[in-house]
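Undergrad: Quick one: the structure is below, and I'll ask about it shortly.
The values are calculated or read from the model by the stated rules, or taken from the named source; none is laboratory data. These numbers were taken from a predicted model, which means no experiment stands behind them. Don't worry about glycine lacking a Cβ; one is built from the backbone with ideal geometry, like all the others, and counts go over all protein chains shown.
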Number of protein chains: 2
Amino acid sequence: MKQFRNTTAKTTILNVLKNAEAALSHAELLTLTNGVCDRVTIYRVLERLVNEDNVHKVVTSDGTIKYAACNHTAHHSHDHIHFNCEKCKTTTCIEMVKPVIQLSKDYTVKSFNFTVTGICPKCN
Amino acid sequence: MKQFRNTTAKTTILNVLKNAEAALSHAELLTLTNGVCDRVTIYRVLERLVNEDNVHKVVTSDGTIKYAACNHTAHHSHDHIHFNCEKCKTTTCIEMVKPVIQLSKDYTVKSFNFTVTGICPKCN
DNA sequence: TTATTAATGCAACATTGTTGCAATAATATT
DNA sequence: AATATTATTGCAACAATGTTGCATTAATAA
């Protein structure tokens, strides 16, 4: 299988994501990485980071795609919800809250995307 | 305020959505309406239909935006989940199932988008 | 039937994401 | 340390999706 490499583009992008308080879009990453690499490279690095399970992809309520660094503390999982603030437009991971749903048994659930929209504590 | 009008484009689009078994994307609507109106008109009609509360907008797990006719039976609400089948690629509304979450009180929840991905009963 | 103006079509543009390919650079090998 | 291998990058070109301005068309009101 393919051998991964640590490049400046990759480490920069991952650092920006780790230092970010909220999930970032491709466009936001483009400005925050400050020309360290091409637009296309950001797409490709993000794809790799998601595959390597270092970053997860979040789809916000309005369809925008954002990326957040996974915090690999304790029991890491992608099964958490996201909060989308209408005021400051940030998308944050809320790891503590687990949603409960009951689907009939003929559905096979593989993953979910749960985004709550409203006003966050900071803006409230 | 603005007065709405019933046009062929609008009624056609709404009918296509009502007859559809799953939520439809803009591209799907473009082919299904069979040239009844321009690409741009579909965007504008969909916007109106959403504002009039006749259609609701669904963001699928992969970020695709789809539209579904609201069924105004009994107690209508947009607070339901959507199921995204990996096999047949359909997005369907599941009105019966209500998700349960407990967010701390400093969050103001206005709406949510809950999309579950997996295999639907038909494909299972 | 006529007047009003919401709705449409078209062109042009903006944004977002994808692909092919030659050049570059990170790692392994000698 | 120098070289070979190939993952990664930059660039150009493209495709898909969504937006805007404006003249024209057509629903509704008068």
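Undergrad: Can we say A:VAL50 is within 14 Å of chain B (Cβ to nearest Cβ), among the aliphatic types (A, V, I, L, M) and away from DNA strand D (no atom under 16 Å from the Cβ)?
TA: In short, no.
Undergrad: May I pose another question? In the set A:VAL97, A:VAL109, which member is facing another protein chain (nearest Cβ under 7 Å) and at pLDDT 90 or above?
TA: Answer to the selection: A:VAL109.
Undergrad: If a residue must be free of Cβ contacts under 8 Å to residues at least 24 places away in the same chain and closer than 16 Å to B:ILE65 by Cβ, how many such residues does region B:81-123 contain?
TA: 1
Undergrad: May I ask you to say which residue of B:THR91, B:THR7, B:THR64, B:THR60 is over 20 Å from B:THR115 (Cα atoms) and either within 15 Å of DNA strand D (Cβ to nearest atom) or small (Gly, Ala, Ser) (or both)?
TA: Being over 20 Å from B:THR115 (Cα atoms) and either within 15 Å of DNA strand D (Cβ to nearest atom) or small (Gly, Ala, Ser) (or both) holds for just one of B:THR91, B:THR7, B:THR64, B:THR60, which is B:THR7.
Undergrad: Here's a check for you: in region A:1-21, which residue that is hydroxyl-bearing (Ser, Thr, Tyr) and within 10 Å of DNA strand C (Cβ to nearest atom) is farthest from the other protein chains (Cβ to nearest Cβ)?
TA: Looking at residues that are hydroxyl-bearing (Ser, Thr, Tyr) and within 10 Å of DNA strand C (Cβ to nearest atom), I get A:THR8.
Undergrad: Please determine whether any residue of region A:45-56 is within 23 Å of B:LEU103 (Cβ to Cβ) and either under 11 Å from the mean Cα position of the chain (by Cα) or of a type in the set (D, E, K, R) (or both).
TA: Checked region A:45-56: at least one residue is within 23 Å of B:LEU103 (Cβ to Cβ) and either under 11 Å from the mean Cα position of the chain (by Cα) or of a type in the set (D, E, K, R) (or both).
Undergrad: With respect to A:HIS56, determine if the residue is within 16 Å of DNA strand C (Cβ to nearest atom), at pLDDT below 95 and surrounded by 14 or more Cβ atoms within 10 Å (Cβ to Cβ).
TA: yes
Let's see how each residue does on (1) surrounded by fewer than 13 Cβ atoms within 10 Å (Cβ to Cβ); (2) within 21 Å of A:VAL100 (Cβ to Cβ):
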site	(1), (2)
B:LEU32	no, no
B:ARG39	yes, no
B:ALA68	no, no
B:LYS87	yes, no
B:CYS93	no, yes
B:MET96	yes, yes
B:ASN113	no, yes
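Undergrad: Restricting region A:13-25 to residues that are surrounded by fewer than 18 Cβ atoms within 10 Å (Cβ to Cβ) and without any contact (Cβ under 8 Å) to a residue 40 or more places away in the chain, which is farthest from A:ASP53 (Cα to Cα)?
TA: Restricting to residues being surrounded by fewer than 18 Cβ atoms within 10 Å (Cβ to Cβ) and without any contact (Cβ under 8 Å) to a residue 40 or more places away in the chain, the top hit is A:ASN19.
Undergrad: May I ask you to list pairs of residues, at least six apart or on different chains, whose Cβ atoms are under 8 Å apart, with the first in region B:47-58 being part of a loop (DSSP other than H, G, I, E, B) and the second being among the aliphatic types (A, V, I, L, M)?
TA: Final answer for the pair search is B:ASN54/B:LEU14; B:ASN54/B:ALA69.
Undergrad: Within region A:23-42, can one find any residue that is out of contact with any Leu (no Cβ under 7 Å at 6 or more places or on another chain), within 27 Å of A:SER111 (Cα to Cα) and part of a strand (DSSP E or B)?
TA: yes
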